[in-house]
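Structure, as structure tokens:
What follows is calculated from the coordinates using simple rules that are stated; it is not laboratory data. No experiment lies behind these values; they were computed from the predicted model shown. Please note: Cβ atoms are built from the backbone with ideal geometry, for glycine as well, and neighbour counts cover all protein chains shown.
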Amino acid sequence: MKIELIGIELHGFHGVLEHERNEGQRFLFDVELEVGEAGSSDRIENAVDYRQVVACVREVSDGRAYRLLEALATALADALLGRFPVERVEVRVRKPEVVLEAPVELAAVSAVRTRM
């Protein structure tokens, strides 16, 4: 079974540029969790609670300012795998207001972690 939370929107102070780190900007997080049969019992105590997943995303994003999306995505994937009874985690961090020389819709980085 797979849980997907798409477009978790948070304000963060991540980036290489000084104004990104001072003013912050919008980030979108997509989380995919392979949970096996968790939740099939229809009991929240046997499932991965979406509220706790979103709280974990916020905690990691708010916990420190990351210069690189790669580091943020990796930290988040590691935190989710460590905190929840999941088999696999995929995290995508999107930065919609990326400013580059050529117009770009967004920048995105994905990180995957699997339980050994």
Where a residue in segment 53-72 is more than 22 Å from GLU4 (Cβ to Cβ) and touching a residue at least 12 places away in the same chain (Cβ under 8 Å) and its partner, wherever it lies, is not in a helix (DSSP H, G or I) and not small (Gly, Ala, Ser), with Cβ under 7 Å and at least six apart: ALA65/PHE13; ALA65/HIS14; TYR66/HIS14; ARG67/VAL16
Pairs where the first residue, in segment 91-104, is closer than 15 Å to GLN25 by Cα and the second is among the polar types (S, T, N, Q) and in a strand (DSSP E or B), C-beta under 8 Å, 6+ apart: VAL93/SER110; LYS95/GLN25; GLU97/GLN25
From ASP30, ASP49, residue being within 9 Å of the chain's Cα centre (by Cα), acidic (Asp, Glu) and closer than 19 Å to GLU4 by Cβ: ASP30
Meets criteria (in a loop (DSSP other than H, G, I, E, B) and under 17 Å from THR114 (Cα atoms)) for GLU4: no
Those residues of segment 55-77 which are within 10 Å of the chain's Cα centre (by Cα), more than 13 Å from GLY12 (Cβ to Cβ) and of a type outside the set (Gly, Ala, Ser), in sequence order: CYS56, THR74
